[in-house]
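Below: the structure, in structure tokens.
The values are calculated or read from the model by the stated rules, or taken from the named source; none is laboratory data. Since we're looking at a predicted model, the values are computed, not measured. Here the Cβ is made from the backbone with ideal geometry for all residues, glycine too, and neighbour counts use every protein chain on show. Side chains are part of the model used for accessible areas, which takes the heavy atoms of the whole protein and leaves out ligands, DNA and RNA. Shrake-Rupley method; radii C 1.70, N 1.55, O 1.52, S 1.80 Å.
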Amino acid sequence: MRIIILFTIIISFNGVLAENLSSNPIHPKWVKFKPVFVKGTCPFDISNIHNKDDVICGSVKVPETRSDPGSNLITLQLMKFPALQTSDKTNAILRLDGGPGGPSLDASRAKYLADNTENSLRQIGDVIYHDQRGIGFSDGDICRGIPDAYQYGVPLAPDGMLAFQSTIKQCLEESRNKGINIDSYSTWENALDLRDLRIALGYKKWNLIGTSYGAQLAQVAASLDTEGVRSIVLDSPAPTAAIKTGGWGAVGYGFRTSLQAIDQMCRESAGCTERHGILSKRLIEAIRSFKEKPIILQGLNPSQFLNGKVILDDKLIALFTFQLLYDEDLYRDLPLFIEVLEKKDELALRAYVQAVAWPMDTQIGQGMRFITNCRGSAPLSDKMKSIYHASEPEFSDWLVFHETTENCKAAYKIEPDQSVAEHRSNVPVLIGVGQTDPVTPPFMARQIASNYPNAQYVEFPNTGHSVLFSGSCAKDLLLTFLVSPYEELNIDCITQQKPIIVTTKYRITNAMFQQINLIQNGKLPWGLIINALSAILLLCITLVSIIRLSMVTKWISFIGLIFSTTSYSYAIFTSIKWITEHPLAAPMSLPYSVTAAGWLAIAGCLLNIVALIGSIRDSSKVQILILVTLNFLFSMSIFITLVSIGAGP
């Protein structure tokens, strides 16, 4: 999950406050238009895909502006994965990603869908992905890859916002000069593209699965293509019309309710409250501390931050924290994240920032994202701002919600299209939402559900944003719905989900992460390398020396050798497992159990000391003394290596 998604959702929420203020008729020429699918070479590398024949790539040309009879045609790129079993043409599935602005076509996703068939959507029917207009490999080169407001190396607000306004205003003008009708890169045209894609691919009906903005797009598309949609799946849906309650305060409300849910998880986890206190209170205080004492990080990846610099103030830290709450897999390690903020640990903060920031990549549809949001926006009056701000003043300030209208006014315009309305349909709908989702909270999903008489609403406890692919229960419900969308789902599996246990036992150390960081930055951790090479050399000598010792001394040395090598293997295995399963905790901790490796290493050293004493009684005293000494040095080398990576006792 990346910061760009957060800015997108916040901007689009401003848009759903608008009424449908303009019309956008479709010219008869484009009503009768017959789109065609053209099979082609995949625009990404498929050499690592085993089942290459299961990846079908191609393109479809669609009108850029359907209200203009003289409109240009633009090319949309797509990839299709055939059903695993023979199926009719009504069970195809179109996946719609969130954002907007993020590409859908890439090699890793293609490999997963082609080579992994267990519990796959392909059991239901063909699966299709496409890059929406202005994104990825599709046409519409509008402000791609320009920096977002947090990437300019200045405070996010107002400096970053002003820099972004200036950059995108100039960029949009350049796009106009290239003959691109930038007004057409909106949700309305995007939704009409889906109908043309369905016709071009030869499907009478298909199923739409949308996540976040993709769910917003699916709602619009289903109302425009009433005969072509079999069912809709709305995963963490963003609304398409005015929010009846909460308004912009809903974003701050979502932030607060997520933190309250984390507090509840802590109370239910043995020893959590006793060790960590009230997590939300500590977190809010930690974020506040960055207002007076921001952290400036230099030397970052220039593809993510201009001049390799970012300023971490309270607003950016709050936005980053908000983003973390999307992912329930990170909840258990929030106490460690809070410690990073409290200590202002620059090594850990650097790791977090570089992991979460999008690259300034031409695959990212920054211009499309901006226009889509502004076409769904209406100016907020000062009175409306005051009302929304009053519900959650501090969180609202942190999430810079009030800047959206100003951005659109300064760099483009606000002209809502026809997508900004309540969309209704009689097709079966599955709505899934996370109970702790900060950005599309459950009350929004419930409002959307009221527009669909055949909707089934499922709320997942202790789950954040994007829920229907997050676990076996959610996936089973999704597949069951797609097979028989009119049948009522049995949601008992939700009550059987394991609770999230907040981490309470760990060891504070960044030694291992420092070594990893050196490698990631192209540097060699020479201390660790020398220790490891010394240990390997001494191990070889140790094995030779054991053969020459008397029976008792031999076994003592051999057991010491086992203890030492086991300690090293256990430390490496445990550390790698921790880093893999606890990415949020990795920069400043290791599991508490890693201390066992240090004690094993000490035991190995002690056994070799015993062997050293016993070797004095052997006939070849000098030679044996040297060999046993080497055994002892091997054990000490292992111990020093463990200490250097933070795995000592």
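The single condition from (1) modelled with pLDDT of 80 or more; (2) over 45 Å from the mean Cα position of the chain (by Cα) that residue 566 fails is (2). Kindly indicate whether residue 435 is open to solvent by 20 Å² or more (accessible area, probe 1.4 Å), modelled with pLDDT of 90 or more and of a type in the set (S, T, N, Q). The answer is yes for residue 435. Identification of strands (runs of 3 or more DSSP E) wholly contained in segment 227-328 with 1 or more residues that are open to solvent by 10 Å² or more (accessible area, probe 1.4 Å) and without any contact (Cβ under 8 Å) to a residue 40 or more places away in the chain yields 295-297.
Please verify whether segment 42-52 includes one or more residues that are at pLDDT below 95, of a type outside the set (Asp, Glu), in a loop (DSSP other than H, G, I, E, B) and open to solvent by 80 Å² or more (accessible area, probe 1.4 Å). Among the residues of segment 42-52, at least one is at pLDDT below 95, of a type outside the set (Asp, Glu), in a loop (DSSP other than H, G, I, E, B) and open to solvent by 80 Å² or more (accessible area, probe 1.4 Å), which makes the answer yes. Scanning segment 498-505 turns up no residue that is on the phi > 0 side of the Ramachandran plot and at pLDDT below 85. Residues in segment 363-386 that are modelled with pLDDT under 85 and of a type outside the set (Ser, Thr, Tyr): 376, 378, 379, 380, 382, 383, 384, 385.
Yes or no: segment 132-141 includes at least one residue that is of a type in the set (Lys, Arg) and open to solvent by 40 Å² or more (accessible area, probe 1.4 Å). Checking segment 132-141: not a single residue is of a type in the set (Lys, Arg) and open to solvent by 40 Å² or more (accessible area, probe 1.4 Å).
Here residue 465 clears all of (1) within 26 Å of the chain's Cα centre (by Cα); (2) of a type outside the set (Val, Ile, Thr); (3) crowded, with 18+ Cβ neighbours inside 10 Å; (4) outside any loop (DSSP other than H, G, I, E, B) except the condition numbered (4). Filtered by the rule that a residue be open to solvent by 40 Å² or more (accessible area, probe 1.4 Å) and within 19 Å of residue 190 (Cβ to Cβ), segment 53-71 gives 61, 67, 68. For residue 144, the test of being under 24 Å from the mean Cα position of the chain (by Cα) and of a type in the set (Lys, Arg) is passed. Summed over segment 226-245, the residues that are touching a Leu at 6+ places or on another chain (Cβ under 7 Å) and under 19 Å from residue 62 (Cβ atoms) give a count of 1. Of the residues making up segment 589-599, those that are assigned to a helix (DSSP H, G or I) and surrounded by fewer than 23 Cβ atoms within 10 Å (Cβ to Cβ) number 6. The set of residues in segment 173-196 that are part of a helix (DSSP H, G or I) and open to solvent by 10 Å² or more (accessible area, probe 1.4 Å) comprises 173, 174, 176, 177, 183, 188, 192, 195.
The criterion of at least 2 residues that are among the β-branched types (Val, Ile, Thr) is met by the following strands (runs of 3 or more DSSP E) wholly inside segment 72-152: 73-81, 127-130. Considering the conditions (1) surrounded by fewer than 24 Cβ atoms within 10 Å (Cβ to Cβ); (2) under 26 Å from the mean Cα position of the chain (by Cα); (3) farther than 30 Å from residue 334 by Cα, residue 429 is excluded by exactly one of them, (1). With respect to residue 607, determine if the residue is over 22 Å from residue 506 (Cβ atoms) and modelled with pLDDT of 80 or more. Yes; evaluated as a whole, the condition is true for this residue.
Considering the conditions (1) under 26 Å from residue 481 (Cα atoms); (2) not in a helix (DSSP H, G or I), residue 215 is excluded by exactly one of them, (2). Considered as a group, the residues in segment 329-343 that are touching a Ser or Thr at 6+ places or on another chain (Cβ under 8 Å) and open to solvent by 10 Å² or more (accessible area, probe 1.4 Å) include one that is farthest from residue 395 (Cα to Cα), and that residue is 332.
The residue list 84, 76 contains one member that is over 23 Å from the mean Cα position of the chain (by Cα) and crowded, with 22+ Cβ neighbours inside 10 Å, which is 76.
Just one residue in the set 129, 152 is at pLDDT 95 or above and buried (at least 20 other Cβ atoms within 10 Å of the Cβ); that residue is 129. Every test in (1) at pLDDT below 80; (2) farther than 25 Å from residue 334 by Cα is passed by residue 645 save one, and that test is (2).
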